[in-house]
Structures are given as C-alpha cells and as structure tokens.
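A quick write-up on the structure given underneath.
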C-alpha cells in the first residue's frame, strides 16, 4: 500500500472516530439495503427515536422559531441532527469532517444565553448548518478531495461561517466534495463516493454532493454549497431539494478554500441548500443583513430588497422546455408543463424563452473551466501520488473543444474568453428586455423556468451520463437561480418518447439513458432563473410558483 | 512620407474642416504665447464675446437650471461651448472628433421640446458634455490614438452616451487620448500632444488629457473620462479640476471602446471630470438614476443613496501625507496640511493612514497592465506601420519588475495576480476597519485624503517624470475617489526641502524634479478616497472638505 493510501486510511479512521461509539453501526448499509424502500430518510425515521425525528423533520425556519419560543432547546436540536448525520454518513458517505462535541457545547452555550438574556443571538439561533468542505473553520481540515491536503488544519474562519455563527448557527459537520470541486458527482480518493439519499443506486450529484445527500437524509436542515457549473443545483435536484445559486458577490466567499482561486472569468459562488424554500430565504436574508461587504471586498453592498409586492400581480414567465441541444427526459418535460398549467390556472402568463447562443456559451464555459488544461489539479494530485479520477479525463476532453493543442491557454486567449462572456451577458440582457414584445403588458419577463438537469439524476459511477447544459449557462450569465422540486418520476406515465429523433450525439446519448423503470420515484426539480443579483426576486418567484403548483395539486386531487 | 503619415495628415485635415471657417485662427498659438499670462481660459475670455463667456463660466448644474428656467436656451449654450472648444483646440490640441453641427441641431430640438412641452427631457437638458474618444457615437470615428483605426466609423452608441442623451445632454466633441489610453500624458501619432490648459509648458496629463485640457479651458462644462491607473484623476489634477473615479460597475462601460477589453484584473472605469464638484454629483446621480443595470450586465443595481446626513456629524479622515516611497513636492504636502487644518477647525477628526502593502500593490499593478508585454498594442501599431511611442517603452520597462523574461504572462501567472489583487483588497478592508481603534468614537474612518500626484504636473514631453504612486493603488483597490483642487503653487512659500533624504531612486528623481519657479501658480489637488462603491459618500465627503477649506480661507482672509 502506497503512501497516499495510508494517509487516506488514517483520515477515514480519524473521521470515523469522531462518531460516538453508540452511534456506530457496522451493519447499517446491509440493514438498509434489506428494506423494501429506497429513501434513506424513511430508514432513519424507523431506526431513530421519534423524539429526534420530530426535530429533524423541521425546517430551519421552524427550528429557529421553536428555539426562540423555547419550545425546543438548541441542545436537543443539535443532538438530533448530529445523531441523524452520523447514521446518514454511514450509509451515504457524505461527511468528511465531524465535530459533534464542539457543536453540542456551542448549543449549550446558546441555550444558556437565551435563558439568561431572554433573547436569541440572531435569526439562526440554534439552527444546525452543515458546511461544504471548502468552508474553513479554525482547527478543522479543509481537504477539498485532495490527499495532499490531509492533515493541514485550517487557521482561519470563512467570513460566511463567521456571519452565520454570529446569527446563532451551529456547525457540526463538513461535507464531501469531489476532488477540486470540479465534477457533477461527488467522489475523490480521500473519501470515495457519496451516494444519493433518495436512492443509493444514484449519485448524490456534485460538487456539493455531501450537502445534497446529508440534507436529503434530513441529517441537516440547511447547508452551504458552492456552484461554478451547477454544484449547488445538481445535488439539490438529484435529491429533490431546494438550492439557490446566488449571483457573484451577493454571499461572501472570503476565506473559503477553492481551486482555481484566481480564475475569475466564471466565478464559483456560495449559497444554501435545504429541504424548504423558506430556509433559502432565511439563509440569504440573514447573510445579506450581516453587511459582510464591509469585510469582503467582493461582496456588493446591496441590502435586502423585499419583493413581496410581486404577489400582488400576475407574473410573466419565460418557459425554456429545452435548449435545442439536449432534450430532457420525459418526467422533466412533464414537470415543466405541469408547472405551466398551474401558473396559467392562477392567471400568470407564460411566454416561450430561448437563447440562441446556448451552444457557444457551453463551449466557452468548457474552455474557461479547463483554461490551464487542469494543470493545477494535476500538480496537486502529484504532491501525494494519488491517481487522476475519471471525471478529470472527461473534463479534459470537453475543454479541448475547438482547440488542437492540449495546453494551457495564453493570456490573450483567456482575454478572448472574457470578451465572449461579456458578449453573452449583454446578449442575454438584450433578449430578456426584448421579451417585453411577447408579453401582454409589454413588460419583460420576471423569470425563466427551465430544466435543472436533463435527467432526474445519474447512477452512482455513471458521471459519463452527466450533461450540464442547463446549469452551466447560468454560471456564465451569472443569474440568480433557484432549484425547485415539483414532482416525481412515475413509470406509469413518464414513458419514453419512441418517436423522438435526437438532435445530436449528446442528445442521443441522453435519450438512450432514459428508462422509466430506472428513474421511477426519483424527484424532479425545475430551475427558476432571474437576472444577475436578483436573489430576492428569484426566491419570491419560486415561492409563488410553488404555491401555484400546490394549489393546482389540491384542486386536482379534490 | 509613408502611408501612416498620410492617413494622419488626412485625419487632421478632416477634423480641422469641421471647425467653422470663422472660428479658425491660424495665429492663435503665437497670439496666446505673446500674452503675459499662462491660463488659456484667461486668453479665451479676452478674445471671445462677453455674452459667450457669461455662459461658459457656468457649471453644468447652473446651465441645467438656467435652461430649465428658460433664462438660457440650449442653442445659445451649445454655440458658446462649441465656439470656445474650437479655439481651445487650436491652442491645446485637445479634440479629435468635432461635430458642432449635429450638436446645434440637437440643441435646437431640445429648445423646441422645452417650448412645446414646458418640460425638460431630464436633469441634463441642454448641458453640453464632452466625451473621451473611447465613447462611441454612431457615424463618428473612435481611433483611441491608433492610426490603424482612422476611418472606421462607429456603428454603435455607448450605453453611457445613450443614458446621458436621454437625460438631455448634448454631445459636440470627442477628446484626445494617448495611444491605447495607456499613459499619464496625452500623445499619439494620430493627433500629437495635448497641452495643459493652465500652462501650456505642461502636459495635460492622461489618458483623459483631452478632457482635462478642454474643461480646463472652459471649452466644456462637464466631460467623460476613463481611469485604469489614474486617467481621470491625473488630467483633473494637472488642470486643477474635479474628477471622480467611480468603482467598477457603478457607471456603464458597455459599448465603450477600450484596449485590453478582456483584462479584468484591474478594470478601466468611466466617470466625470468638471470644474465643479456639484457637476460630478449631477453626472453620477443622473446616470445611476438611469438604471443602466437593466442593459449593462456589469453595472451593479445600486440606486442612488443620499449621504447628506454626513453633514450632521463630524467626519473621521485618514491622512496619508505620503506613501513612504515617493515624497510629494512641497506644495502638495502643504495642500494636505492646510486641508487638515481646515477640517480640524471645523471639528472633524484626522488620524494617520498608511497602507503597508503600497509597494507590492504598485509592482503587481505594473504586471497587470503589462501582462501581455504590450503585444496587443504592438500588433495594432503594426497594422498601420506607425512607430511605438516613448511611454510604451517606459511601460514595458515597468512591467518587467521581478520578471526575467519579456514575455506575456502564462495563465497561471495571471491567476496569481488576481489572487494578489484580492489579497490587497481584503487587507485594505481589514486596515480600514481597524482604523476604528484610532478614532475618538471607535468607528472606522469615513475617507482617506492623500496626494493625487507627487507634483503639480509634469512638463509637456516630460512623461518620464510621471509617478503614478498615488493613483494606481486605488485602481487596484477599486476605491471611489474624488480629485479636489485646494490650492496653487506659490513659489514664495513652497520652497524645496533642502534637508530631505530621498527614500529610493524614484524618490530622488521626483525630489530633483521640483522647482518652485517651474511649478509656480500651478493648481494643486488632493485626493479623497472612500471604499468600493461608495460614490455618494466620497462626493459628499469631498464637498464637506471643500466647504471646510473655503470657510477656513474666508476666516483667514478676514
């Protein structure tokens, strides 16, 4: 066994030792597999005490309210989520850093403060928040999937963690990422693969797959992910959760570890995932209200702007059923169509949306992501001797689009990519404004709805069927975007379209990947997209859409 | 005579022909030189009709008010500025595109609208605004100092021009820039050198030197410049004017021609120059109120935030007399010290400011500016065969700092520069926040005051004495910054400090460049600096400082 394997084995042992002995269950995966259902959450509900389930089924908003009203203690909440996270991890392999002890101490301290002062420290008082491994906490490692980073304890605390903590959040776990966060699945030589909480035959998605899996199993009410090509939205979609990709500069990234930190053509952004839409707003508003722009020069000083007046009028929604490149699977199309029906029923307006530069935009993004032909990754892998993973070879292939020579771009070539990005963004705004010609009131659309992902998910170890056509464009365009679960695959109705003629090779691959049986019961999310820095608006629009869908369902069921 | 010289001669003829014959004065420069004073404005006041001088001495705010009240017509205002600009140009060589005819037509149209509707089209109704050559107007060339760009008429209109025009501005002239805007003087093979309006022995500064000269001669009440290393602030300072360097993303740069458009490590910004501080606010507020963020994806959606409440309390000002690298000349030091006296007298607080990373920051900026070793410039020069200018060789020398090989940076090296930039900005914010420990009320400083330039100016063709130590840092740090004229060189009191021991070679050079005689009567400006995106605040603080200085002067004179 080489040196890197030893480091990994040691790391796994150390992490595992952080789980209290009473919570270690060697046979948990076998036990779970024996059950007649696929949801990890259902299993955990069976094996965990009802008193804990009563807590872990709550949203972050509900927890905050109940703790503030002293209907729950921070300690009980923290204990319940630690316990559930410990079990979820043993099934899904979703945690990389575990620090329950300090979390429980912190919870006790918060209880003491509330008791003594009668006041909560902030709107997140007592809310456990899980953190993608990139977020730094002093004394805790940040390996981001690199073997060579094992053993280096962080000195600093990410500004976001500081802001959340000041408002009462409790950190108890850091979650798995793929090496360097550059994949839509979550696998690395450090921690192996993270499985899907809804059905472990599937990938948890990536790169915030640890968050997706943990929240999907309700081992966390609210988590922090990052997104440079879909990394918040993909795990949210794969697990039927809510996720917000904020625009660049809205939520502080300062002192968060990243790969390619100097690459600012398309920047990674940081944002929340949760099982509740309200929690995304709680998170975002709380952080914006923290005025972190006084400390992080990349944060734009835009205070929270209430958008509830949107509820007083009819919305104008642009529908992009597909991008003319890769047709989403039948349940995704159904999800969008049903959403439109619900919206129309409520009096909202739907117009067609398509953006003709979709292909150029994807190709340019591939070149940005692979601008150095992944040399930084390769060099960091070499430090430990760990081997390269499959996704990296796929990525290398992608970024060669239109380039003969597998070399890092020159600086002049990189500037051409910047110009293209700016061109795309300008054209997108033009198109958006031009949508005024399509709507009844002559005003531009409020938001776009479109797929998040062409399939419900892809199988564990099937990243080759991953197609980022519906996430990457909104990184290139820096749009505020929400992932919203709307339905489940139903093998009885989501039949393959036998007559479909694929538009290209990728489309044919994705088309061939569909099977109603394989994806049955998997959740389907849609994406709600607003313009740059319209976080408040996209959250409000998503909420209006959700209400419309729910009221449509109720109506239909009655 | 080679091909490029012919193109230039033709271009000069064409520009000149745009001046009405009656306004052409072949002997104007000789005539001016014969007079016993140095200010071009004084000369023009003598040779132009009093009725026109009554108009051209007005600020943009005053013009807008008088036009709105129908005390003046847009046509009369436009005529007066066109006339004065034509003469100023014949002395200073400050204009590259002249279009008086369309301007006068536009003025007539504005008069007609006001007469017919009784309403102004916006807060700039009838205000002539001069534009740095980079700004595009359909049918007009944008050469940015390149011979090879001669003859190419622009198709598009810059978004800023559109916004200003919609609010009533009249465009009548585009002003000179150095080749590619990469110099602190204004000289190119296309139009030669632009001289200083206060004293033609001096450079007008750069790269918005055409604006500086034209406004300095009162041939324009308000102009648009750009700034990537001081290009708004230097001409403002050299001519004793006001200038605002807005933060990146506050004023729209969309469809403005630029060199190195893809270089976004340090971005060029666009902003106003004027002979009045109130005009900077009129300009900035008007543009911000135009909500151009709906069209330009780079503009941040921050509405105008009134800061007049600052007038109700004492300010906390950080004073940076010098950067420990290059000692400003005696009148600059005096200007800052007198400003502090005035502020203290009014009850404001002064604390010391220094930023220890000044040197690293300047070296990094040099590497950013010369990231491709000026290959883009060289290639564009080659298209016409025009020779390289002195400033470019100086720039090449600068950007070699710490680099053995005169080659474009690799993409990995460019990412290191981005990381350094972000590190500087974070450290700057930390330092800024830490200033709370120095102030009486335990709050951070409101603004910094410091030199704009170590000398009053440099001589025409003396760009080698140009030292950008006090402008470039605030580009690297993306600070909102105002140039504020506060005094004049007085050879009787601004004596060289014979005891001064220069800190380094550059400092010795700048020290040796001082002569009270040479700079006598030149204006001295200081720089007022706030944090990123604090345009409203920096304008208000500058206004409070100006009031304090004026009231101090009045008090002293009584």
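No lab work stands behind these numbers, since they all come straight from the coordinates. Model, not experiment: these values are computed from the prediction. Methodologically, a virtual Cβ is constructed for each residue, glycine included, from the backbone with ideal geometry; neighbour enumeration extends over all protein chains shown.
When only alpha carbons are used to place a centre, the range B:535-558 and the range A:523-553 end up 50 Å from one another. Report the residues of the range A:275-308 in range of a label on residue A:69: point 7 Å along Cα→C-beta, backbone N strictly under 18 Å from it. So the set is A:278-279. Label points for residue B:34 are taken 7 Å from Cα along Cα→Cβ. From this copy to the others they lie 11.2 nm apart, shortest first.
Descending by average beta-carbon neighbour count within 10 Å, the peptides B:260-267, A:506-513 line up as B:260-267, A:506-513, the highest first. Note on chain B: percent of Cα-Cα distances in each 10 Å bin, starting at 0 and stopping at the bin with the largest distance, equals 4, 19, 30, 28, 15, 4, 0.
Relative to one another, the C-alpha centroids of the range A:475-515 and the range A:236-268 are positioned 24 Å apart. Highest mean packing comes first when the peptides B:102-111, A:182-191 are listed by Cβ atoms within 10 Å, giving A:182-191, B:102-111.
In deg cm²/dmol, rounded to 500, what helix-only [θ] at 222 nm does chain B give when every DSSP H run of at least 4 residues adds -39500 (n - 2.57) and the total is split over its residues? Taken over chain B, the calculation gives -12500 deg cm²/dmol. Panel order for B:329, A:83, by other beta carbons found within 10 Å of each beta carbon, from fewest to most: A:83, B:329.
For chain A, what is the percent of antiparallel DSSP beta bridges, rounded to the nearest 5? If I count the DSSP bridges inside chain A, around 70 percent turn out antiparallel.
When only alpha carbons are used to place a centre, the range A:414-473 and the range A:145-207 end up 27 Å from one another.
Applying 1/(1 + (r/R0)^6) with r as the Cβ-Cβ distance of residue B:102 and residue B:555 and R0 = 41 angstrom yields a FRET efficiency of 0.25. log₁₀ I(q)/I(0) of the range A:1-101 at q = 0.14, 0.22 Å⁻¹, via Debye over equal Cα point scatterers, no solvent, to two decimals? Here log10 of I(q) over I(0) equals -0.63, -1.18. Here residue B:294 and residue A:153 are evaluated by their C-beta separation; at R0 = 41 Å the FRET efficiency comes out at 0.30.
Modelled spin labels at residue B:434 and residue B:115, positioned 7 Å past Cα toward Cβ, are 6.5 nm from each other. Relative protection proxy for B:6-17, B:85-96, A:149-160, from highest mean packing down: B:85-96, A:149-160, B:6-17 (other beta-carbon atoms within 10 angstrom). The residues B:177, B:463, when put in order of fewest to most other Cβ atoms within 10 Å, stand as B:463, B:177. When only Cα pairs below 8 angstrom with a gap of at least 6 residues are kept, chain A shows a relative contact order of 15 percent.
With a simple spin-label model that places each label point 7 Å from the Cα along the Cα-to-Cβ direction, the separation between residue A:379 and residue A:497 comes to 4.7 nm. How much FRET efficiency would the formula 1/(1 + (r/R0)^6) give for residue A:201 and residue A:390, where r is the Cβ-Cβ distance and R0 is 25 Å, rounded to 0.05? Efficiency computed from Cβ-Cβ geometry: 0.85.
Distances from residue B:118 to itself in the other copies, using label points 7 Å out along the Cα-Cβ axis, amount to 6.0 nm in increasing order. Counting Cβ atoms of other protein chains within 10 Å of each Cβ in A:421-428 and taking the mean gives 3.
Look at the stretch B:432-438: the mean tally of other chain Cβ atoms within 10 Å of its residues' Cβ atoms is 1. In this assembly of identical copies, the label point of residue A:504 (Cα plus 7 Å along Cα-to-Cβ) is separated from its counterparts by 5.2 nm, sorted shortest first. Take every Cα pair under 8 Å in the range B:3-294 that's 6+ residues apart, average their separations, divide by the length, and report that relative contact order as a whole percent. Relative contact order here is 19 percent. In terms of surrounding Cβ atoms within a 10 Å radius of their Cβ, B:30, A:439 rank from fewest to most as B:30, A:439. Look at the stretch B:407-420: the mean tally of other chain Cβ atoms within 10 Å of its residues' Cβ atoms is 5.
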